[in-house]
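The values are calculated or read from the model by the stated rules, or taken from the named source; none is laboratory data. Owing to the predicted nature of the structure, the values given are computational and were not obtained by experimental measurement. For neighbour counting, all protein chains shown are included, and Cβ atoms are generated from backbone atoms with ideal geometry for every residue, glycine included.
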Amino acid sequence: MHATVEIRQAQEDDSEPISGLMSEMGHPLDRETVSANVRAIRELAPRYGTFVAVKDRSVVGVVSAFASPVLHRPHSVGRVSVLAVSRAFTGQGIGTALLLWAEAFLRDLGCSRIEVTSAAHRHEAHEFYRCRGYAQQGVRFAREFEEQDLAGSG
């Protein structure tokens with residue numbers, strides 16, 4: 001790894017830089033939404049976690065992961081739901097460090113399998129995961145609901 005980074009649990013104070021990282025990934029979220037999400041994930045601990053990479057006292061990366069029991073496997077399955085590194089810091093080993101952190105977190109929760117999701121157009125991310133032992137499997141389907149269709153939204 002080229003960069004010396006500290007990895008720690010995300011705090012609500014990290015919401016602004018995490019918001020910037022989400023925007024870089026094409027998922028713009030305002031600081032307040034990120035803060036609420038960090039708080040909600042922290043309340044689901046220990047099976048959910050969000051961690052940040054800090055270099056020179058600045059948040060330069062984030063990973064979020066969770067473990068879930070599933071009906072069709074004897075052990076929980078872990079999922080890395082987001083992994084982002086600031087464009088200014090890519091290629092320095094920060095993404096690898098965050099992924100290894102998430103893997104250890106999920107392994108400690110008894111997960112025998114880890115899944116990651118990545119948008120179809122993010123070819124560099126796909127190669128990143130392949131180079132770290134992940135294999136593309138299956139097909140994922142998704143359906144989005146409008147805000148007004150969500151329970152309790154209005």
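Identify all residues within region 1-60 that are part of a strand (DSSP E or B), out of contact with any Gly (no Cβ under 8 Å at 6 or more places or on another chain) and aliphatic (A, V, I, L, M); write none if there are none.
Result: 7, 54, 59, 60.
Quick grid of which residues meet (1) modelled with pLDDT under 95; (2) in contact with a helix residue (DSSP H, G or I) (Cβ under 7 Å, 6 or more places away or on another chain):
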residue: 97; (1), (2): no, no
residue: 101; (1), (2): no, no
residue: 105; (1), (2): no, no
residue: 110; (1), (2): no, no
residue: 114; (1), (2): no, yes
residue: 120; (1), (2): yes, no
residue: 132; (1), (2): no, yes
residue: 144; (1), (2): yes, no
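Restricting attention to region 69-119, and to residues there that are assigned to a strand (DSSP E or B) and of a type in the set (A, V, I, L, M), which single residue is nearest to the chain's Cα centre (by Cα)?
82
I'm trying to understand the selection: among the residues of region 84-101, which are loosely packed, with under 11 Cβ neighbours inside 10 Å and either under 21 Å from residue 69 (Cα atoms) or among the aliphatic types (A, V, I, L, M) (or both)?
Correct list: 88 only.
From the list 76, 112, which residue is polar (S, T, N, Q), in contact (Cβ under 8 Å) with a residue 12 or more places away in the chain and touching a Pro at 6+ places or on another chain (Cβ under 6 Å)?
76
Quick check, is residue 63 closer than 24 Å to residue 125 by Cα and part of a strand (DSSP E or B)?
Yes: the conditions hold for residue 63.
Identify, please: which residue in region 102-144 is within 23 Å of residue 91 (Cβ to Cβ) and polar (S, T, N, Q) and is, among those, surrounded by the fewest Cβ atoms within 10 Å (Cβ to Cβ)?
Among those that are within 23 Å of residue 91 (Cβ to Cβ) and polar (S, T, N, Q), it is 136.
Filter region 28-43 down to the residues that are touching a strand residue (DSSP E or B) at 6+ places or on another chain (Cβ under 8 Å) and more than 14 Å from residue 63 (Cα to Cα) and list them by number.
none
In this structure, is residue 54 among the hydrophobic types (A, V, I, L, M, F, W, C) and either closer than 23 Å to residue 125 by Cα or touching a residue at least 40 places away in the same chain (Cβ under 8 Å) (or both)?
Yes.
For region 1-45, give me each residue that is surrounded by 18 or more Cβ atoms within 10 Å (Cβ to Cβ) and either acidic (Asp, Glu) or more than 16 Å from the chain's Cα centre (by Cα) (or both).
5, 14
Just one of 12, 43 is modelled with pLDDT under 95, over 29 Å from residue 120 (Cβ atoms) and out of contact with any Lys or Arg (no Cβ under 7 Å at 6 or more places or on another chain); which is it?
After ruling out the rest, the residue left standing is 43.
Find all pairs meeting these conditions: Cβ atoms under 7 angstrom apart; at least six residues apart or on different chains; first residue within region 10-38 and free of Cβ contacts under 8 Å to residues at least 24 places away in the same chain; second residue in a loop (DSSP other than H, G, I, E, B).
Filtered contacts from region 10-38: 19/29; 19/30.
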